[in-house]
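No lab work stands behind these numbers, since they all come straight from the coordinates. Quantities reported herein were computed from a predicted structural model and do not represent experimental measurements. For neighbour counting, all protein chains shown are included, and Cβ atoms are generated from backbone atoms with ideal geometry for every residue, glycine included.
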Amino acid sequence: MAMTKISQLDANDGRAELMTDEDVIARIFDHIDNGTTDRGQSSWKEPAVNYQSVDRLDAELALLRHRWIVFCPSSTLEKSGDYIARDAAGIPLIVVRGSDGEVRAFRNACRHRGVQVAKDEGCTSVFVCPYHGWSYGTDGSLRSVPNGDGFPGLEKETRGLVRVDCLEQAGLIFVRQNAGADRSESVPDMPDLIPDSFRVVKSEAMEIEANWKLHLESALEGYHIRSTHQTTFFPVQYDNLTVVEAFGENSRIAFPYQAIERLRGRPKTDWSANGRITYVYHLFPNVIISTFPDCMQVVVIEPLGLERTRQHMFLLTDCAEGGEVLEAVFKGQEFAAKGAIEDRDVVMSAQRGLKSGANDFLEFGLFESAIGRFHTVLKREIEIPAF
């Protein structure tokens with residue numbers, strides 16, 4: 001069988017449909033039997049300066065503020081008053097589910113002196129500024145001003161928290177920060193990735209001393225499995241064997257486990273990807289969704305600087321609380337975390353390597369077509385901005 005060729009940008013960009021599990025598994029079997037893997041049509045050379053330029057980072061942050069981007073899974077904000085307050089593309093935001101069930105997003109800045117009115121995550125019916133006590137409802141309205149007579153002419157209806165575009169779709173909450181844009185413009189078009197029954201059972205954040213793109217790239221290819229994950233992923237997966245698909249500006253990479261061999265000889269109607277394939281969905285620009293046995297991870301990658309990135313991870317499952325399956329999910333995540341540490345180490349090493357000046361560009365080969373696709377779209381969006 002000939003190597004499957006993947007274009008950097010498909011002619012039907014925005015409308016590509018994903019393969020069924022059965023078709024992906026059949027393609028994986030062909031690759032195993034023929035010693036092949038999916039390949040891109042060309043390699044990609046990304047200039048090293050694009051990881052080191054303040055101007056380029058500023059353009060990337062501007063892009064993140066302009067677009068609809070994933071903020072968190074919908075189930076993170078399960079009940080009224082649930083909120084998350086954190087920076088997105090360098091801007092402090094609050095996303096909260098109101099008493100009417102609607103999710104709203106606001107700039108996290110008091111309308112008095114700009115102090116953040118919330119931090120981290122929690123559940124509340126009112127946000128109170130820690131500086132002077134101005135308070136706001138979960139709908140953003142300004143509710144009270146201590147000693148309000150000291151502000152003659154203050155119009156509460158115009159001094160609520162500043163609204164940011166927000167929507168729920170495909171089990172995810174999206175925000176878009178640019179003001180005045182048509183709300184329907186560039187609304188994400190993607191399949192339902194997160195089942196309605198899945199809930200968030202763990203969330204955490206960590207910082208990586210590396211450029212956000214170096215960190216993202218480590219999730220988009222299997223060419224490094226043998227070298228980087230010798231005692232973790234490699235014994236149970238395959239080196240340099242992936243199926244790569246495109247949908248819109250996004251990609252899906254299938255990483256098979258050797259356990260997939262147990263499906264040989266079974267009817268296709270019995271084939272299941274659960275426990276046999278990890279799907280990695282790259283939602284352009286900065287989100288990775290990965291499937292694992294009986295659970296999923298949503299990872300939002302936030303640039304903090306040229307050499308500093310914050311990763312927000314959400315673990316979702318539909319397993320019953322306290323059950324053996326949920327215990328197995330957490331145990332599996334401990335194993336996955338070991339591989340993630342290995343990825344982080346090589347990413348930070350790559351960051352240090354940039355400083356050496358040895359490379360004018362970083363090259364991504366035919367096996368790394370999802371990374372080439374990412375840079376193709378990023379280059380296009382930055383060079384022809386819509387903002």
- prompt: If you work out semi-axes √(5λ) of the Cα gyration tensor in Å from the coordinates, which of (1) 36, 21, 20; (2) 44, 29, 19; (3) 39, 25, 19 do you get?
  reply: (3)
- request: Report the relative contact order of the range 272-387, percent, no decimals, based on alpha-carbon pairs under 8 angstrom and at least 6 residues apart.
  value: 14 percent
Relative contact order (percent, whole number), the chain, Cα cutoff 8 Å, 6+ residue spacing: 22 percent
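Considering only DSSP beta bridges whose two residues both sit in the chain, what percent are antiparallel, to the nearest 5?
95 percent
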statement: Lone Cys, the chain, Cβ cut-off 4.7 Å -> 72, 123, 166, 295, 319
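Provide the net charge surrounding residue 93, with neighbours chosen by a C-beta distance below 10 Å and charges set as Lys +1, Arg +1, Asp -1, Glu -1.
Net charge around residue 93: +1.
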task: Identify all lysines with a Cα-Cα distance to residue 79 below 24 Å; exclude those on the same chain that are fewer than 8 residues away in sequence.
output: 119, 202
message: Can you pull out the trypsin sites (Lys or Arg not before Pro) in the range 97-168 whose DSSP state is coil and whose Cβ has at most 11 other Cβ atoms within 10 Å?
response: 113
- prompt: If you plug each phi of the range 75-86 into the Karplus form 6.51 cos²θ - 1.76 cosθ + 1.60 with θ = phi - 60°, what whole-Hz ³J(HN,Hα) values come out, in order, with x for Gly and Pro?
  reply: 5, 5, 10, 7, 10, 4, x, 5, 8, 10, 10, 7
query: Tell me, which longest segment in the chain has none of the GluC sites (Glu not before Pro) that fall in DSSP loops with at most 15 further Cβ atoms within 10 Å?
result: 210-320
